[in-house]
Amino acid sequence: MISIVAFNSLIPLDIIEGGDTVYDDKISNDLKILLTSKKTSEVDVIISFYSPPSKEDIRMIEELGGIILQEWSNLIYAIHAKLPSEEVSRCSRYSNIRFIEMNSNLSVCLDYSVRQMRVRPLVWNTYGYQGNSSQAIAILDTGVDDTHIDLEDKIGKWKDFTSQNYAQPVDKDGHGTHCAGIIAGRGMLNSKNYTTTLNDLSYFYYDIGEYGHRTYVTTNVSGNLTVKLRWDDDYEDGPGNVSIWVDIDQDNKLDPGEYLNGTTPLNFSISITPGRYMVAVTAVDYDAWLEDFYCQIDAPVAVSTDGHGIISGVAPNCKLAGLKILSDDGSGNVADLIDALEWLSDNARNYSIIVASMSIGLSNGEVNTALDNAVNNLTSKGVVCVVAAGNDQRNHYYIASPGTARKAITVGAVDDENALTDYSSIGDPSREVIKPDVLAPGGSWYTGDEIISADSNDADDGGVDAYPNDYRQMLGTSMACPHIAGLAALIIDALGEWNYTEDEVLKVKQLILMASYEIGVAENNSYTPPFSHGGKDNREGYGMVAADAAIEAATMYFTPSNFSLGYNIFDKKVWARKINLTRGKIYNFTLDVPSTGNFDLYLYNGTPNLNGEPILLDYSCNNGSEDENIKFTSSVNKTCYIIAKWRSGYGNGSINLTCKPLCNFSYTPINPTDLDTISFIDTSNDPDIVSWNWSFGDGNTSNEQNPTHRYADDGIYNVTLEVIDKYCGVNSSSKQIVVLNIPPFVDFNYTPIHPTVQDVIYFNDSSYDLDGYITNWTWSFGDGNISYLQNPYYKYNNNGIYNITITIKDDDDTINEITKQMIVYNIPPIVNFTYHPMKPTINQKIYFNDTTYDIDGYIVSWRWDFDDGNTSDIENTTHIYITPGLYNVTLNVTDNNGSYNISYKKLIVNDPPTANFTYLPVSPRTVDTIIFNDTSKDRYGRIINWTWDFDDGNIAYGRNVTHKYQDNGIYNVTLRVTDNCTAQDNYTKTIIVENIPPNISFIYHPRYPIINQTVEFNDTSHDLDGYIVNRTWDFNGIKNYSKNKTYIFHRLQNYNVTLIVRDDDNATNSMIKTIITRYHVTNQTSNSTPII
């Protein structure tokens, strides 16, 4: 059993699933009933939240004594918990809690059926869709047996959400494997016999007063039908020897059959011909061992003629994902199911899972908000959710969750004769969204025909069913559900690329529902579906699925067509195509119905509603064989679906479309002339148009969509466009076009462009006539004079502004003219002036001389502007600038006719440069090379020459120079700089060059003198900037003035020897060395190194 937890949906609050739940008190009705009964101290609940459960929410639940079991925050916001019963009401008062409901239990609700829904062989072979081998369908069920020959290597992903936690695919119940075979079984059995099973004799047949079980077997070939019986021979409550009888016939009645008596196993065989047989096995006067009974039925089959296995699934090329949510006994709980849905939300894209098949549901019509919301939200992640409607019609319970999820495809069941089965649950009529959505083959208790699919080998474990790779018969909406899941995969294969969007999911649902047909018949007459005119009711939804029509609607566009519909089970029931409608265009669809049939016509919108249900735009559902007609005008451009559906009878029908295509056109230019090439543009905006016929009103035509045309002459023309669309509809549009004559083009020019009163002006006509010639020219010169020449010349007496007009007439007496304004100028004076000096400096008088002249008069005024605030009205003037700079000197002169002219000249008034320099070192000596650096400045010019006078007879040129003095002394160094305006400045600095004193040193030897030994002293001094002129030796008061000196020390003591030297500049230096005398010296020779 699967536990259910309450959680908050990710969908908007205004579309959350509700059922009978009262949201004001936040506690579901069934939970309130349980709490009122006080039968339990603790309840297993799902708590839904408005936002993801926080740490505070969890702490609140734990403080109430609750135990947190699971949390969800992807598809829904919820927690699965166990709460003390007395704390539920208190818990519901917290603001973030949205709803509290019980964690309820779940229960589990091909050959013929795949043909019955028209997948085989048309969709497989003709349309070429068997499912995409890279895509997978998830089966949320009891598991999947991957060892069965039909399902080997098909499990792309396995995950066990139950407490059993199997690591590898397994199915010990068989329900999930049976569904998997319906979805994607390979149908490996293609010849000889197929095996089906009866696993118990639990039904009591009142007509014969015995327990037993019966099933139906259909065979298409003659052969032996064998019944193999086994039971548990060691059963403790009864003997192994039993009596049973087997009835095999075609009368659908229980009659005394062949009696068998003995121990397990017992076999019975009979020769049969093609047909449908009831196989009934009944115990005689004994029932203690019946639960361990097993019956294997082997029936002959013929080789498939369509290239596929006899028991192939709907989408045999698809992979499978086994998500085990039910335990080995077929029970489970909602919490594990929600876990699986959450996992799909996170991993569907990773494992290419496109469809989730859920042959499961709650019991007794229970609606679980959290579960429904999880299923709805999974569609937004791009997974088609297909759910069984349930098998509770007999028990008068409505469809339960998750079949009530609005965006899921909820599947009811039909029997082998397309009647609504007496077990298929119907929808609650009070709910906003009607369920179920569609019907599919599910087998029947009423007729005894069940769905044959793979029997799990895992279910043989420890039991008597040990026949490997066999098949079993099962019935219920659990079998109908995987038929639709497989079809969804075929449609996705047909649509092509899958991007995991909700729009894609709802499109698949729309196609399946829209292409279904109403059956109008039920095994239980009390539940016969009403005729809904293409709509939906709570018994059959939109009706029995027509897989071929769903594929046609997904892939084929409308063309007028003939088709056949019929009442036989395998006959085509629905014809569907998509069509692009154009805004404003009237479409008239006609369905010709044969006299032997009753067919209806429907027009659906191209997109579904928010739940994936088709939107019916219009329909025609006349009674009997009356033809059907739909006349529709679309307000927008869109894709729609036109569908013909069988209601009764049979025969060949045809669907045709008559429509008047839209027709309109425009042309440019709007006012054409006989020289224009006119572009005619089709503006019909009708993509169905296939032919265009233009008549231009002058005998010329065109079949182009957008032609061009040029008229030979001006006039009024009636232009007509006739269009024909692909449905043979015709329409036309006419417009009157006035083609104008082209007037002559008029223009002229004159030279000179700026004439004066002294100029003769030449006027040049540049007019022309494109469709003729010019016959007359009339010139008006604006001063009262006229000329009729084509190109006249003229001279004005006075300057001024004149309007010149030329009027021309062509050979069609069409007149045109143009006027241009012309200015006749007085000749202005030619102004100029000179000044000197050419390179003035401040405070220097500058002489300005006017050199202006006037060709046609004389100068009457002068105006000088010196650009320093000073002016002058004198013809020739002087001016002194007191500030250096760049000045724009302006002379404005006026002649006797009032014309003026201006001359500008730039004048640079210089400020002499300021000379300066530095030198290093600051206290130079005679041996130093002195660096002289110029620091002069010139504010309004640039220095171009530097002359250095070093006061020792030497001169240098350059900005920065060096100099070395030969002797010490005081020198006056002068720098003279000259700028680019020849201005100069001098600067002198006194430099004292110091003498360098002599460098003193002397040596003596021997190095260690003894008493009375002669010691030689040698002067080694030198003078860097001169020479030494005097030396004085002092031997303890004894002086000597020679350069080198010998001396004998007579006593044993320390002697101080001093040398004083003086150079030619009278600079002195001195040195003292101490001499230590000895008595004798060991290993001392006279050639020892002198001491320094």
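Candidates S767, S787: the one that is hydroxyl-bearing (S, T, Y), more than 30 Å from I827 (Cβ to Cβ) and surrounded by 13 or more Cβ atoms within 10 Å (Cβ to Cβ) is S767.
Tell me, which residue of segment 807-851 that is of a type in the set (S, T, N, Q) and assigned to a loop (DSSP other than H, G, I, E, B) is surrounded by the most Cβ atoms within 10 Å (Cβ to Cβ)? Break it down stepwise before answering.
If we filter segment 807-851 for residues that are of a type in the set (S, T, N, Q), which is where we start, we get 807, 814, 816, 819, 821, 826, 832, 834, 841, 843-844, 849, 851.
With the extra rule that they be assigned to a loop (DSSP other than H, G, I, E, B), the set shrinks to 814, 826, 832, 843-844, 851.
Numbers: T814: 15, N826: 19, N832: 15, N843: 12, Q844: 12, T851: 12.
Result: N826.
Within segment 618-649, the set of residues being of a type in the set (S, T, Y), buried (at least 17 other Cβ atoms within 10 Å of the Cβ) and part of a loop (DSSP other than H, G, I, E, B) comprises S625, S634.
Just one of (1) aliphatic (A, V, I, L, M); (2) touching a Gly at 6+ places or on another chain (Cβ under 6 Å); (3) closer than 30 Å to R349 by Cα fails for A549. It is (2). Filter segment 657-669 down to the residues that are assigned to a strand (DSSP E or B) and at pLDDT 95 or above, then identify the one that is surrounded by the most Cβ atoms within 10 Å (Cβ to Cβ). Result: F665.
One residue stands out in segment 766-785 among those that are modelled with pLDDT under 95 and in a strand (DSSP E or B): the one that is nearest to S899 (Cα to Cα), namely Y768. Whenever a residue of segment 131-149 is buried (at least 24 other Cβ atoms within 10 Å of the Cβ), its partners that are acidic (D, E), lying with C-beta atoms within less than 6 angstrom and at least six residues away or across chains, give the pairs G131/D493; T142/D171; T142/D173; G143/D171; V144/D171; D145/D171; D145/D458. Tell me whether segment 749-762 contains one or more residues that are farther than 30 Å from P829 by Cβ and outside the structural domain of G857 (by TED's automatic domain parsing). No, because not a single residue in segment 749-762 is farther than 30 Å from P829 by Cβ and outside the structural domain of G857 (by TED's automatic domain parsing). Restricting to segment 711-723, name every residue that is at pLDDT below 95 and surrounded by 13 or more Cβ atoms within 10 Å (Cβ to Cβ). Passing the criteria: Y711, D714, G715. Quick check on segment 496-507. Is at least one of its residues under 26 Å from I137 (Cα atoms) and crowded, with 24+ Cβ neighbours inside 10 Å? Yes, segment 496-507 has at least one match. Taking the criterion of being in contact with a Leu (Cβ under 9 Å, 6 or more places away or on another chain) and among the small types (G, A, S), the residues of segment 634-682 that qualify are S634, A644, G649, G651, G653, S654. Each residue in segment 608-624 was checked for being within 20 Å of N373 (Cβ to Cβ) and either of a type outside the set (G, A, S) or more than 29 Å from the chain's Cα centre (by Cα) (or both), and 5 pass.
Selection of segment 965-998 for residues being under 15 Å from T926 (Cα atoms) and surrounded by 14 or more Cβ atoms within 10 Å (Cβ to Cβ) yields Y965, N968, G969, Y971, I991, V993, E994, N995, I996, P997, P998. Does segment 397-410 contain at least one residue that is closer than 30 Å to V279 by Cα and not charged (D, E, K, R)? Within segment 397-410 (the criterion being closer than 30 Å to V279 by Cα and not charged (D, E, K, R)), the answer is no, since none of the residues qualifies. Number of residues in segment 101-134 that are at pLDDT below 80, closer than 30 Å to L34 by Cβ and in a loop (DSSP other than H, G, I, E, B) equals 3. The requirement of being over 35 Å from the mean Cα position of the chain (by Cα), surrounded by fewer than 24 Cβ atoms within 10 Å (Cβ to Cβ) and of a type in the set (S, T, N, Q) is satisfied by N418. Of all residues in segment 575-582, at least one satisfies being closer than 17 Å to G649 by Cα and either in a strand (DSSP E or B) or at pLDDT 95 or above (or both). If you go through segment 924-950 and keep only what is of a type in the set (F, W, Y), in a strand (DSSP E or B) and more than 13 Å from Q984 (Cα to Cα), you end up with F932, W948. Across segment 670-683, not a single residue is classified as closer than 30 Å to E502 by Cα, modelled with pLDDT under 95 and of a type outside the set (F, W, Y).
On the given criteria, is D306 at pLDDT below 95, outside the structural domain of N609 (by TED's automatic domain parsing) and surrounded by fewer than 22 Cβ atoms within 10 Å (Cβ to Cβ)? When the stated conditions are applied, D306 passes them. When you check R539 against the structure, is it in contact with a helix residue (DSSP H, G or I) (Cβ under 9 Å, 6 or more places away or on another chain), outside the structural domain of L617 (by TED's automatic domain parsing) and among the basic types (K, R), yes or no? Criteria met by R539.
Among strands (runs of 3 or more DSSP E) entirely within segment 337-454, having at least 3 residues that are of a type in the set (V, I, T) singles out 353-358, 384-388, 409-414.
When D145, D207 are checked against the criterion of being out of contact with any strand residue (DSSP E or B) (no Cβ under 7 Å at 6 or more places or on another chain), assigned to a loop (DSSP other than H, G, I, E, B) and modelled with pLDDT of 75 or more, a single residue qualifies: D145.
The values are calculated or read from the model by the stated rules, or taken from the named source; none is laboratory data. What you are looking at is a predicted structure, and each value in this text was computed from that prediction instead of being measured. FYI the Cβ positions are ideal-geometry reconstructions off the backbone, even for glycines, and counts take in every protein chain you see.
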